[in-house]
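> Quick one: this structure, given as C-alpha cells, is what I'll be asking you about.
A short reminder: the numbers here are calculations on the coordinates, not readings from a lab. Values in this document were obtained by computation on a predicted structure and should not be read as measured data. Heads up, the Cβs are rebuilt from the backbone with ideal geometry, glycines too, and the neighbour counts pull from every protein chain shown.
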Amino acid sequence: MGWSTIAEVAASVALLLGCLLTLLAAIGLLRLSDVLARMHTTAKPQVLGVILSLVAVGLELQRGTDVAMLVAIGAFQLLTVPVAAHMVGRAAYRTGQVDTSLLDHDDLADELAEEERSAG
C-alpha cells in the first residue's frame, strides 16, 4: 500500500466523520429545545466536523498553498466559533431566553448584579 492509497482512505474516513458530525449538529439544532443546548451543538461538533472535512480535503490536495489555506480556514473556525457562541449565550441570557433553573451555577447573574450596583 502506497502513501496515496493510505491518504485516500484517511481522507475518506475523515470526510465521512466530518459529514456525520455536521449532520448531528444540524439535527441537534433542530431537536434541542434550550438555547444553551442549541448553542453547544452548533459550536462543538460542527467545528470538529468542519476541521475533519478540511483535513480530508488537505489529504486529497496535498499542495502547500492549498493546505496553508485550509489551515487558515480551520484556525479561523477555531478562533471565531467559540467567541460567537459565547456572545449568543450572553445575549440569550440577558434577554431572558435562558431558563436559569437548569443552570448548576449562575456566574453571569452575579456579574450583572454587580454592574447594576455600580451603575445605580
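> Angle between the Cα long axis of helix 3-31 and the longest principal axis of the chain, 0 to 90 degrees, nearest 10?
Between helix and principal axis, roughly 30 degrees.
> Which one, Gly64, Pro82, Thr42, is farthest towards the positive end of the dipole of the chain when Lys and Arg carry +1 and Asp and Glu -1 on their Cβ?
Gly64
> Any chance you could list the semi-axes, whole Å, largest first, of the equivalent ellipsoid that the Cα gyration tensor gives for the chain, using √(5λ)?
Working through the eigenvalues yields semi-axes of 39, 17, 9 Å.
> Modelling each spin label as a point 7 Å along the Cα-to-Cβ direction, I'd like the Asp99/Leu29 distance in nm, to one decimal.
2.3 nm
> Roughly how big is the range 3-119's charge dipole about its Cα centre, with Cβ charges of +1 (Lys, Arg) and -1 (Asp, Glu), in debye to the nearest 20?
For this selection, approximately 520 debye.
> If each DSSP helix of 4+ residues adds -39,500 (n - 2.57) and the sum is divided by the residues in the chain, what number results at 222 nm, nearest 500 deg cm²/dmol?
Mean residue ellipticity at 222 nm (helix-derived): -29500 deg cm²/dmol.
> Same structure again: Helix 64-94 against the longest principal axis of the chain: what's the angle in degrees, Cα atoms only, rounded to the nearest 10?
Helix 64-94 and the main axis of the chain meet at about 20 degrees.
> Still on this structure: Please find, in a Gaussian network model of the chain (springs between Cα atoms separated by less than 10 Å), the residue of Ser101, Ser33, Ser12 whose mean-square fluctuation is greatest.
Maximum fluctuation in the GNM of the chain, among the listed residues, is at Ser101.
> Run the numbers on the chain and let me know its relative contact order in percent, using alpha-carbon pairs under 8 Å that are six or more apart.
27 percent.
> Still on this structure, I have one more. Between 0 and 90 degrees, rounded to the nearest ten: what's the tilt of helix 35-61 against the longest Cα principal axis of the chain?
Value to nearest ten degrees: 20.
> If we sort 102-110, 38-46 on the protection proxy, mean other Cβ atoms within 10 Å, highest first, what's the order?
38-46, 102-110
> Return the whole-Å distance between the Cα centroid of the range 50-97 and the Cα centroid of the range 23-46.
16 Å
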